[in-house]
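Accompanying notes for the structure given below.
Just so it is clear, none of the values below were taken in a lab; they were calculated from the coordinates. Note that the coordinates shown come from a computational prediction; the quantities given were computed from them, not determined experimentally. Reconstructed Cβ throughout: ideal geometry from the backbone, glycine too, with neighbour counts over all protein chains shown.
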Amino acid sequence: MTSLSAAEPHLKSAPAAARSRRTIAVAGAVCAGLLVLTACEKPTAVATVTVADISVTSEATCYEDGKAIKPAGVDTCLKEKKDVRHITVDPDETVRFGVDPVIADKSWTLLLNGQRLTDYSKKTYLAVPGSVFFNEQYGASGSSTIVTIAEGGENKVTGLWSFRLKKGSS
C-alpha cells in the first residue's frame, strides 16, 4: 500500500474516512436525541389520595401548562374515565388528598362526580370522611365514585386530577 504524500493532505486513507463518517453519524444521532428530548412535555404536578396506609398518585388528567382550560374541555375531561387511578375506601376511614405546592399555590377544590364538594384551599392536604363519597346527599350513587382535584379558582380551572374511589367493606 502506498502512503499519502505530504502534497495531498486532503486525501485520507480508507480507515480514516470510515472513522470520520462514524463520528459524523454519532454527532448527528446525539443532536437528534437532544431535539427529541426538548420536544417532550414536562411532567405535571402530582396529586395523591391516601386511605389508611395505601396511596395512589397521579399526574393531571387534563392540564394546559398553567393556562385556563375551556369549559367544554373541563366537561370532556370530567367525563373521561379510562385512565383514572383507583383506590378502595372503607366508609369508616378518612380519605386524605395531597397536592404539590404548585397546585396549592393556585388554589384547588374537590369535585365529586363533577360537582364541587369543598371550598377552595391553598393547603397542600385535605382530609374528608370516607362516608361522604358514597352518600347520596353529596351526589354519590352506587359503590364507585369519581373524585377530581380541580386546580384554579372560581372562574378558572387550570388542571384536573381524577381518582375513582371504590367502596370497600365497612
_Between K166 and D119, what's the calculated FRET efficiency when r is the beta-carbon distance and R0 is 25 Å? Round to 0.05._
0.45
*Quick one: check the C-alpha center-to-center distance for the stretch 95-156 versus the stretch 65-83, whole angstrom.*
15 Å
_Considering all alpha-carbon pairs of the stretch 46-85, what whole percent are spaced by more than 14 angstrom?_
56 percent
